1. What is the set of long-range amide H partners of residue 99 at a cut-off below 5 Å, with H atoms built 1.01 Å from backbone N?
2. Provide the gained length on full extension for the span residue 88 to residue 45, in nm with one decimal, where the gain is 0.36 nm per separating residue minus the Cα-Cα distance.
3. Enumerate the amide H contacts of residue 76 below 5 Å, restricted to partners 5 or more residues apart or on another chain; note that Pro and chain-start residues carry no placed amide H.
4. So who's got an amide H within less than 5 Å of the one on residue 147, skipping anything under 5 residues away but keeping other chains? H placed 1.01 Å off N, in plane.
5. Residue by residue through region 153-159, what is 3J(HN,Hα) from phi via Karplus (6.51 cos²θ - 1.76 cosθ + 1.60, θ = phi - 60°)? Round to whole Hz and write x for glycine and proline.
6. For the peptides 133-140, 71-78, 91-98, 151-158, what is the packing order when you average, over each peptide's residues, the other Cβ atoms within 10 Å and list the highest mean first?
7. Show me, for region 93-98, the HN-Hα J-couplings you get by feeding each phi into the Karplus relation (A = 6.51, B = -1.76, C = 1.60, θ = phi - 60°), rounded to Hz, glycine and proline as x.
8. Net charge near residue 144, counting Lys/Arg +1 and Asp/Glu -1 over other residues with Cβ under 9 Å of its Cβ?
Amino acid sequence: MAAWPGTGLLERDAELAAIARLLAAAEGAAGAAMRVEGPPGIGKSRLLAAARGAADHAGLRVLSARASDLERSFGFGVVRQLFEPVLARAGADERAALLGGAAALAATVLEMPGPGGDAAEEATPAALHGLYWLCAGLAEQRPLLLCVDDLHWADRPSLRWLVYLLQRLEGLRVAVLAGVRPGEGRHAPTCSRPSRRIRSSRRCGPRRCRRTASHA
């Protein structure tokens with residue numbers, strides 16, 4: 001059975017087809033979200049890596065992050081992993097354009113120094129709104145894949161923003177893909193918010209894998 005080029009993934013047709021549909025939805029301005037669920041070592045990260053490669057090959061802009069148990073107190077840490085590299089690479093004019101209009105409200109989040117604490121935990125409506133418009137502006141340039149591994153360890157403000165975005169994906173050229181361990185992390189209920197789901201049922205190696213694809 002053929003694997004996606006360069007991934008070494010075999011016998012994962014259902015999962016790869018679901019990911020392909022997710023990316024196509026973003027290209028067609030039908031924003032969509034998917035989560036890959038399963039216990040540690042089941043192969044979630046390999047699927048996410050394959051998705052990033054496929055998205056890049058298809059011309060989507062790929063923004064990725066990996067949450068960490070050690071950084072859960074770092075407010076908007078996952079959000080910063082997603083957006084800071086884009087802003088760092090942008091020239092002065094492009095950065096001003098990306099953070100123009102309503103997206104200017106995101107600047108206080110992305111430029112705020114220092115780790116957690118009460119201030120960093122404040123996901124204000126203005127901040128969520130600004131980050132949404134930054135994401136929407138990037139998606140206007142070209143379709144966008146937001147890929148977050150180990151979402152169950154994400155900080156609360158980043159999770160709040162992702163939920164905010166999921167409720168407003170319609171009409172956006174945005175796909176959201178996350179790897180999750182069900183029931184783990186202090187924000188586990190948030191991680192299970194409605195989205196298409198691929199549930200990992202068995203440990204997967206580079207040659208053989210069996211999974212069950214389902215919808216939440």
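1. Long-range HN contacts for residue 99: none found.
2. On the way: separation 43, 0.36 × 43 = 15.48 nm, distance 2.58 nm.
Roughly 12.9 nm would be gained on extension.
3. 158
4. For residue 147, the qualifying residues are 63, 64, 65, 177.
5. Whole-Hz 3J(HN,Hα) from phi for region 153-159: 9, 5, 5, 4, x, 5, 4.
6. On the way: 133-140: 20.4, 71-78: 21.9, 91-98: 12.1, 151-158: 25.1.
Top to bottom by mean Cβ count within 10 Å: 151-158, 71-78, 133-140, 91-98.
7. With the stated coefficients, region 93-98 comes to 5, 5, 4, 4, 5, 5 Hz.
8. Values: positive: 61, 142, 173; negative: none.
That works out to +3.
A short reminder: the numbers here are calculations on the coordinates, not readings from a lab. The structure presented is a predicted model; accordingly, all values stated were derived computationally and were not measured. Cβ: placed from backbone, ideal geometry, glycine included. Neighbour counts: every protein chain shown.
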